[in-house]
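Notes follow once the structure below has been shown.
Derivation of every value follows stated rules applied to the coordinates shown; laboratory data play no part. Please read these numbers as outputs of a predicted model, since none were measured by experiment.
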Amino acid sequence: MVSTELVEQLRKLNRVDKLQIIQLLATELADEETNLIKPGASYPVWSPIEAVEAAKVMLDALNAETTKES
Amino acid sequence: MNSRARYSFTPTDTSLGEASFKPYLPLTLHYRNNSQEVIGLLDTGAMVNVLPYQVGIELGAVWEEQTTMLQLTGNMAQFEARLLIVSALLGQFSSVRLVFAWTQATQVPLILGQANFFMEFDVCFYRSQKLFEVTPKQSL
């Protein structure tokens with residue numbers, strides 16, 4: 001929550017200072033968006049991207065079940 | 001009957017803004033006489049569908065009865081996985097059979113992957129609009 005005191009102080013700034021504040025905040029917001037992945041941190045990936053053999057076994061089982069039912 | 005169902009991407013963490021939107025798809029799974037409403041993550045990079053352990057239990061599946069072992073990859077390689085075939089109902093579409101790697105991992109999302117979700121449904125992503133559309137596969 002932005003305090004009324006801070007808002008009042010910002011309002012007192014001259015035009016150039018106000019533009020500098022806008023630029024500063026816009027840069028910080030952009031940095032936060034692009035720095036979501038921190039260097040050195042570990043981010044687990046729960047996706048079986050190379051489970052090709054498992055996929056084959058599963059599809060064979062599904063086909064066998066379909067054949068049995070028909 | 002409308003042959004296309006449209007869904008919105010779901011924000012999962014407001015502090016992450018645009019980066020947190022994910023394509024979660026609601027569907028109902030049926031196994032024997034049980035059914036469970038679930039939310040699946042559409043993962044085009046995943047080779048297989050993955051069912052978290054707890055969801056399988058809630059569907060009434062018995063781990064020991066599933067005898068086909070599967071070897072998953074990545075972070076899931078450390079957990080035992082077994083094959084489980086269930087029926088799935090999505091929107092107004094006809095029921096389809098989905099084959100899952102039922103993993104003992106509990107912290108994973110329910111993943112809808114290439115085998116065989118994306119073999120049953122065509123999905124079109126409109127990420128810039130935070131929308132995606134699902135259509136049953138076309139019979140050739």
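Take chain A, connect every pair of alpha-carbon atoms lying under 10 Å apart with a spring to form a Gaussian network, then pick out the residue of A:A26, A:A55, A:A41 with the largest mean-square fluctuation.
Sorting by GNM fluctuation, first place goes to A:A55.
Could you give the length gained on full extension between A:N63 and A:L10, defined as 0.36 nm per residue of separation minus the Cα-Cα distance, in nm?
Length gained between A:N63 and A:L10: 12.2 nm.
Dividing the alpha-carbon Rg of the protein assembly as shown by 2.2 N^0.38 Å yields what?
For the protein assembly as shown, the normalised Cα radius of gyration comes out at 1.36.
Give the cross-link partners of A:K18 among the aspartates and glutamates, using a straight C-alpha distance below 17 Å as the criterion and excluding same-chain residues fewer than 8 apart.
Straight-line reach from A:K18, under 17 Å: A:E5, A:E8, A:E28.
Give me, ordered by chain and number, the residues 5 or more places off B:T10 or on other chains with an amide H under 5 Å from its own placed amide H.
Correct list: B:K22, B:Y24.
Please work out how much length the chain gains when fully extended from A:L19 to A:A41, using 0.36 nm per residue of separation minus the C-alpha to C-alpha distance, in nm with one decimal.
In short, 4.4 nm is gained.
Using θ = phi - 60° and the Karplus form 6.51 cos²θ - 1.76 cosθ + 1.60, what ³J(HN,Hα) does each residue of the stretch A:45-57 get, whole Hz, x for Gly and Pro?
Using θ = phi - 60°, the values come out as 10, 8, 10, x, 6, 10, 7, 5, 5, 4, 4, 5, 4 Hz.
Need the list of lysines near A:K38 for cross-linking: C-alpha distance under 22 angstrom, and skip anything on the same chain fewer than eight residues off.
Qualifying lysines at Cα under 22 Å: B:K22.
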